[in-house]
Amino acid sequence: MQAVLQLLYPPQCISCAAPVTTDFGLCGDCWRETPFIGGLVCDQCGLPLPGMDRGERAICDDCITIARPWGQGRAALMYRDNGRKLVLALKHGDRMDLARPAGAWLMQAATPILRKGMLVVPIPLHWIRLFRRRYNQSALLSRQVARAAGLTHCPDLLVRQRPTGSQDGRTRDGRFANLDGAFRVPKRHLPQIEDRDILLVDDVMTSGATFAAATEVLFAARAQSVSVLSLARVAKDD
């Protein structure tokens, strides 16, 4: 039956629809245009760094300058070229099918920071934006990661209690101010957080303001540790 389906509906590149050999794959051209992150990276935000990965902890200039409340962080892609195209298609183009391959890329990036018994939590949307979009792209990604890692997924652990609008066009300080007090933990979930290691998942990390605001709320709820994972990382020069 599977062979018949592949004959009738041959696999296509998830980015450009060119023929590929497997489902949910990228063609050669799109793969080369997709800036996957590998090698030496910042241990707190996942930004690629120059030099060889010698197994020692490295921190980028931003994470030295800006106090990060979380412990470790990783990202799968840089937010440019085909990486940006795929993120926008998932976020605004109703391409929920992209969550499956993106989850595999995230899982590969997250492997060094995963811990046994971690609770996987997405950055939430405000209910008004969720109503308009109909899905939370970060929750789609976090579900894939939790499933692949065999970890517990809690998509409603955090609530965005006020609309924060877009972060686009804001200064770094403006981004942090805009997220101040934006998140809370519902009382029913407080027992799940105490003394737990949390993995926060979002689609894009730029300044880190969203992750920082969510992390502070989780620590206030007595989480043991918080790590962050984003599908794409924006570099300062992008």
Next on the checklist: I'd like the residue in the range 90-129 that is among the small types (Gly, Ala, Ser) and surrounded by fewer than 17 Cβ atoms within 10 Å (Cβ to Cβ) and, out of all such residues, is farthest from the chain's Cα centre (by Cα).
Outcome noted: Gly117
Checklist entry - Which pairs have Cβ atoms under 9 Å, sit 6 or more apart or on different chains, and link a residue in the range 127-141 that is farther than 13 Å from Asp97 by Cα to one that is of a type outside the set (D, E, K, R) and surrounded by fewer than 12 Cβ atoms within 10 Å (Cβ to Cβ)? => result Trp127/Pro163; Ile128/Pro163; Arg129/Pro163; Arg133/His92
Checklist entry - Has the range 65-73 got at least one residue that is surrounded by fewer than 18 Cβ atoms within 10 Å (Cβ to Cβ) and either of a type in the set (Lys, Arg) or assigned to a helix (DSSP H, G or I) (or both)? => result yes
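Conditions (1) in contact with a strand residue (DSSP E or B) (Cβ under 7 Å, 6 or more places away or on another chain); (2) aliphatic (A, V, I, L, M); (3) in a loop (DSSP other than H, G, I, E, B); (4) buried (at least 19 other Cβ atoms within 10 Å of the Cβ), marked per residue:
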| site | (1), (2), (3), (4) |
| --- | --- |
| Ala17 | no, yes, yes, no |
| Thr21 | no, no, yes, no |
| Gly25 | no, no, yes, no |
| Asp29 | no, no, no, no |
| Gly38 | no, no, yes, no |
| Asp43 | no, no, yes, yes |
| Pro50 | no, no, yes, no |
| Arg57 | no, no, yes, no |
| Asp62 | no, no, no, no |
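Quick note: the coordinates plus some simple rules give every number you see, no bench work behind them. Note that this is a predicted model, so its numbers are computed, not measured. Backbone-built Cβ (ideal geometry, glycine too); neighbour counts: all protein chains shown.
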